[in-house]
1. Is it true that Ala349 is more than 16 Å from ligand 1 (Cβ to nearest atom) and either part of a helix (DSSP H, G or I) or open to solvent by less than 50 Å² (accessible area, probe 1.4 Å) (or both)?
2. Pick out the one residue from Arg379, Arg395, Arg344, Arg389 that is of a type in the set (Lys, Arg), farther than 27 Å from Phe179 by Cα, touching a residue at least 60 places away in the same chain (Cβ under 8 Å) and surrounded by fewer than 16 Cβ atoms within 10 Å (Cβ to Cβ).
3. Conditions first: (1) surrounded by 13 or more Cβ atoms within 10 Å (Cβ to Cβ); (2) without any contact (Cβ under 8 Å) to a residue 60 or more places away in the chain. Ala189 passes all but one, so which condition is the exception?
4. Taking region 22-34, which residues are of a type in the set (Val, Ile, Thr), more than 8 Å from ligand 1 (Cβ to nearest atom) and not in a loop (DSSP other than H, G, I, E, B)?
5. Of everything in region 49-63 that's out of contact with any Gly (no Cβ under 6 Å at 6 or more places or on another chain) and of a type in the set (A, V, I, L, M), which residue is farthest from Leu228 (Cα to Cα)?
6. Within region 256-272, can you find the residues that are over 15 Å from Phe226 (Cβ atoms) and either surrounded by 16 or more Cβ atoms within 10 Å (Cβ to Cβ) or of a type in the set (Asp, Glu) (or both)?
7. With respect to Gln357, determine if the residue is without any contact (Cβ under 8 Å) to a residue 24 or more places away in the chain and within 16 Å of ligand 2 (Cβ to nearest atom).
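The values are calculated or read from the model by the stated rules, or taken from the named source; none is laboratory data. Keep in mind that what you see is a predicted model, and the values were worked out from it rather than measured. A quick note on method: Cβ atoms are made from the backbone with ideal geometry, for glycine too, and the neighbour counts reach across all protein chains shown. Just so you know, the surface numbers come from the protein's heavy atoms only, side chains and all, with ligands and any DNA or RNA stripped out. Shrake-Rupley method; radii C 1.70, N 1.55, O 1.52, S 1.80 Å.
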Amino acid sequence: MQNKILRVDYPPNMHSLSVSRTQVGIVGAGPAGLTLALLLERCGIGSVVLERRDRPYVEGRVRAGLLEQNTVDLMRELDVAGRLEEHGLAHDGVYLRWQGQTLHIPMTELTGRSITVYGQQQVVGDLIDACGERGVEVRFEVEDVAVHGLDGESPFITFAGEEGEERLDCELIAGCDGFHGVCRPSIPAGVLNEYEYTYPFGWLGILAAAAPTTDELIYAWHERGFSLYSMRSPEISRLYLQVPADEDVAEWPDERIWEELQARLGVEDWRVGEGEIFDKGVTPMRSFVCEPMQFGRLFLAGDAAHIVPPTGAKGLNLAVNDVRLLAAAMAAHFADGDDSLLDRYSESALRRVWRAQDFSNFMTQLLHRLDDGEPFGARLQLSRLEQLRRSEAARRNLAENYVGLPAEDDF
Ligand code: APR
Ligand code: PHB
């Protein structure tokens, strides 16, 4: 691997600056950055991942946990799917529930593809382990990361490591540093078009030591608001409640959470399984896209370039799809100087991003209490749900979007 070619310590003007070089500098050790580093390693391309948090923080961050088949296939291809195969829960469908009725959407029967429930923090842990085993350098707890020279031939990244200031010279930079990262804001004003919609509600998510009393995920419409029954293992449930966007989690003692979950999800003779709640948090809901996902030699991937509300379960899958395309394009660049794929990266990635935006928005608008004071919206939601019950074409459309389009079609 052509990596870490040079690490020289020299005292320039004021203080010592350690300079090193790699082919691809990657900012952010979330699913996008880590998967990209492993994809590049497989092609013999060197990279360094720079992450501002420590490893336990990155591995402990509780996020959504639904993998499309494309994502599982890529994890297998990368040979990081050992634990996923053992502990992931393969699902062939989901339930929609409203007004006491439950509709099963048989995803696999309708599309030939399936989904797997496996927590994002487990995915991240597996990726970090694989980086360690394969000699991919992941630098945790680096501060003041900044990207420079993006529109020239010699971009570089500066940051403060344990030993002081450092500079990482790169050929290409990947901005995988999430929505609040530094890469997107480093692109000069006027280059990007940004599209954003913020929903007036958020999700309160819990993890509970409770055996799920459902075999598949349940997405529930209710007058009191949306709720979702998911899981992490045969012993652990993951549940969500729609709450106001700025909700204080302190407003939600455990008893209130269970009461609300039973009210929104429960049906006759069936209840949500209860147990000790060991994680609780509120997530805001936002749709965001920036176009293009590139400026010069900086390429954005994952949440750095787009955010979807979690109702369509697309966030992690989009991040993985971006870097699948980006790694192939970078490989062509390094193999024979062919930049045609890099030039098309943004356009290719954005096709799936916008499809996912539309689907995530559709699922969100279908199932959440809209709180606009008008009963009109709720009547439309019920009509759409009824159409899903009556029409196989409607169910198939939902299923195709939910499981994700096949990976081949992208470039
Ligand atoms: N310097 C270095 N690292 C940074 C900086 C910075 N200035 N800013 C952010 N980071 C790191 C974050 O600490 C985080 O570990 O970048 C990483 C970005 O990871 P994610 O937010 O997980 O984003 P991404 O890899 O694109 O994955 C998208 O994450 O938010 C979920 O639902 C979303 O599933 C989706 C997935
Ligand atoms: C989850 O299990 O965390 C999950 C599942 C489906 C979603 C969102 C989150 O749509």
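1. Here the answer is no, as Ala349 does not meet what is asked.
2. Going through Arg379, Arg395, Arg344, Arg389 in turn, just one is of a type in the set (Lys, Arg), farther than 27 Å from Phe179 by Cα, touching a residue at least 60 places away in the same chain (Cβ under 8 Å) and surrounded by fewer than 16 Cβ atoms within 10 Å (Cβ to Cβ): Arg389.
3. Against the list (1) surrounded by 13 or more Cβ atoms within 10 Å (Cβ to Cβ); (2) without any contact (Cβ under 8 Å) to a residue 60 or more places away in the chain, Ala189 comes up short only on (1).
4. Scanning region 22-34 gives Val24, Ile26.
5. Top of the filtered list is Leu50.
6. Trp258, Glu259, Glu268, Asp269
7. Answer is no for this residue.
For (1) out of contact with any strand residue (DSSP E or B) (no Cβ under 8 Å at 6 or more places or on another chain); (2) in contact (Cβ under 8 Å) with a residue 40 or more places away in the chain; (3) under 27 Å from Gly312 (Cα atoms), each residue gets a yes or a no:
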{"site": "Val117", "(1), (2), (3)": "no, yes, yes"}
{"site": "Gly132", "(1), (2), (3)": "no, no, no"}
{"site": "Ala146", "(1), (2), (3)": "no, yes, no"}
{"site": "Gly161", "(1), (2), (3)": "no, yes, no"}
{"site": "Cys176", "(1), (2), (3)": "no, yes, yes"}
{"site": "Gly202", "(1), (2), (3)": "no, yes, yes"}
